[in-house]
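Written below as structure tokens is the structure these notes are about.
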Amino acid sequence: MSRTSSSRPVKNGNPPCSTAPSNILPRPRVRAGSNPRGALVRANKRSGSVRFCRSEQQPSGSIPGTVASGPSTNATTVPIPADHLSSRGSFALPNNAEGRKLTDLLELLADEFFEIAARTVKEAGEPSYRMDQLRRWLYERTPQAFSDMEGLPLSLRDHLAERFVLHPLDYDLDMLSEDGTRKFLWQREQGNDAGRIESVLIPEGDRVTYCISTQAGCPVKCTFCATGYGGFSGNLSTAEIIDQVVQIRMRTSLVPTNLVFMGMGEPLLNFDGLLRALSIMTDSRQLGFGSRRITVSTVGIPERIRQLSRAFPQVKLALSLHAVDQGLRDELVPLNLKYPLDEVLDAVREHCDVTGKKVTFEYVILPGVNDSADDAKAVASKVRGIPASINLIGFNPFDEAPYRKPALKSMLVFRDELDGSFAGEVTLRRSRGEDIQGACGQLSLKNRPAT
């Protein structure tokens with residue numbers, strides 16, 4: 001079942017804040033970038049096609065990085081031991097009795113899909129090989145509607161449309177930046193404004209990164225993040241998480257090389273949805289994406305970090321740090337009141353021990369708040385001994401936040417001070433998509449209807 005929605009015009013915007021990190025600002029050649037106006041891309045109500053895209057047609061063959069069988073062509077998909085997954089009770093499908101009656105196909109784990117697909121194909125009176133045709137369409141090409149699944153009998157396509165939802169998210173609009181960053185706004189089925197969610201595509205050379213959301217809004221309410229100012233309306237379903245990936249791929253024909261859970265929401269507060277999504281993403285029978293090319297970002301929930309390390313040891317971890325002083329981090333990241341940084345860092349150390357991988361610390365530079373020489377030394381001291389790198393991201397203002405944009409010179413000074421005290425790599429990232437409200441939560445915040 002496919003749905004499209006008419007686009008909504010963008011209201012007069014405000015200066016964007018920092019986006020998901022992108023490429024390094026080289027030491028000898030750093031310069032302030034321009035801030036051109038982004039191009040608004042609207043939905044075509046009938047076809048769902050999008051302007052400003054070189055090709056809006058779905059790929060005609062198998063998508064690189066997805067496979068019918070065997071390992072992913074992007075990276076090795078690490079088998080997940082059964083005992084590392086959540087119990088069936090907490091990992092079960094949602095009960096549709098109180099909601100819509102149709103089943104979201106993108107919600108299904110591989111074994112669940114094959115069980116339901118076999119039964120559905122048999123009910124339709126079709127041979128069993130139709131099941132694999134359906135699987136290929138669903139995970140490798142993902143059209144807009146069941147009616148677009150060429151090669152399947154029309155009667156089977158109709159049968160599928162009567163029983164399943166193909167895309168739980170309605171495409172609303174997207175914006176294209178001069179730097180190539182493209183931000184998507186989706187509408188959830190509930191139809192309320194708080195149900196809008198965002199995703200971002202970030203191209204960089206031969207890398208294509210999808211930045212994916214896990215919640216509609218965010219309950220953590222970090223004071224420097226636009227998402228928290230837009231309210232919170234709940235966890236996304238697994239199907240809504242996966243739909244972001246397949247719809248971006250369908251609409252742009254740009255296959256991801258990296259997936260980062262750095263969009264709206266705190267991924268570890270939607271833990272069951274996250275685990276199901278990771279399983280679908282990495283299973284070679286489904287999206288077949290390499291675990292090593294996936295990063296989960298969190299403000300820090302100790303026990304969930306430990307569980308994630310055991311369930312998906314090849315998935316990378318990024319911790320939103322932003323301050324090491326307890327009082328200041330309480331203010332910037334309110335969840336620190338429940339999970340103090342020392343407890344979080346203990347879990348991060350265990351993650352490194354269990355997985356053998358480094359962690360990335362993310363640090364938003366807020367002028368006059370967390371960017372002094374003493375702050376740099378305190379950060380280096382606090383995380384000393386943890387195999388890690390640090391990404392510095394300059395804050396860009398939006399109306400609701402009480403912070404200002406840091407000067408490039410002051411960011412470089414802070415980076416150099418931290419680099420001199422910290423044994424790992426310190427990188428100053430440049431923001432992407434500043435001209436299109438590319439930072440987390442900004443596009444949905446700026447496009448809320450007037451009340």
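Taken together, the values in this text are just the output of simple stated rules run on the coordinates, not laboratory data. In this text, all values refer to a predicted model and were calculated from it rather than measured experimentally. Positions of Cβ are backbone-derived with ideal geometry, glycine not excepted, and every protein chain shown enters the neighbour counts.
Looking at this model, which pairs from K358/K405; K357/K382; K377/K405; K183/K409 are more than 24 angstrom apart at the alpha-carbon?
K358/K405; K183/K409
From the square roots a ≥ b ≥ c of the eigenvalues of the alpha-carbon gyration tensor of the range 149-263, which class results: rounded (a/c under 1.5), prolate (a/b over b/c), or oblate?
In terms of gyration-tensor shape, oblate.
Determine, for K338, K183, K122, the number of other Cβ atoms within 10 Å of each Cβ, and report the residues in order from fewest to most.
In order of increasing Cβ crowding within 10 Å: K338, K122, K183.
Kirkwood Rh over alpha-carbon pairs of the range 190-338, then Stokes-Einstein at 20 °C and 1.002 mPa s: what D in µm² s⁻¹, rounded to an integer? Please report the intermediate quantities before stating the final value.
Details: Rh = 15.9 Å.
D = 135 µm²/s.
Could you give the radius of gyration (one decimal) and Dmax (whole number) of the Cα atoms in the range 277-355, in Å?
In Å, with Rg to one decimal and Dmax whole: 14.2, 47.
Using Cβ counts within 10 Å as a stand-in for footprinting exposure, how do K357, K101 rank, fewest first?
Values: K357 17, K101 8.
Final ranking by Cβ density, sparse to dense: K101, K357.
Any idea what the dipole of the range 254-334 comes to, in debye rounded to 20, about its Cα centre with Lys/Arg Cβ at +1 and Asp/Glu Cβ at -1?
Values: 9 positive and 7 negative charges, 100 e Å.
Its charge dipole is roughly 480 debye.
May I ask you to work out the translational diffusion coefficient for the range 195-257 at 20 °C, viscosity 1.002 mPa s, via Stokes-Einstein with Rh from the Kirkwood sum over Cα pairs, reported in whole µm²/s?
Answer, rounded: 168 µm²/s.
Please list 211-218, 368-375, 263-270, 148-155 highest first by mean number of surrounding beta-carbon atoms within 10 Å per residue. The partial results should precede the final answer.
Working: 211-218: 26.8, 368-375: 17.1, 263-270: 24.8, 148-155: 13.6.
Per-residue Cβ counts within 10 Å, averaged per peptide and sorted highest first, yield 211-218, 263-270, 368-375, 148-155.
With θ taken as phi - 60° and the coefficients 6.51, -1.76 and 1.60, list the Karplus ³J(HN,Hα) couplings across the range 356-368 in order, rounded to whole Hz; mark glycine and proline as x.
Karplus values, whole Hz, x for Gly and Pro: x, 10, 6, 10, 10, 9, 9, 9, 7, 7, 10, x, x.
For a label point 7 angstrom out from the Cα of A118 toward its Cβ, which stretches of the range 130-152 have the backbone nitrogen within less than 13 Å?
What the label zone holds, given the 13 Å backbone N cut-off, is 131-132.
Taking Rh as the Kirkwood radius computed over C-alpha pairs, what is the Stokes-Einstein D of the range 246-316 at 25 °C in a medium of viscosity 0.890 mPa s, expressed in µm² per second?
Stokes-Einstein gives a translational diffusion coefficient of 191 µm²/s.
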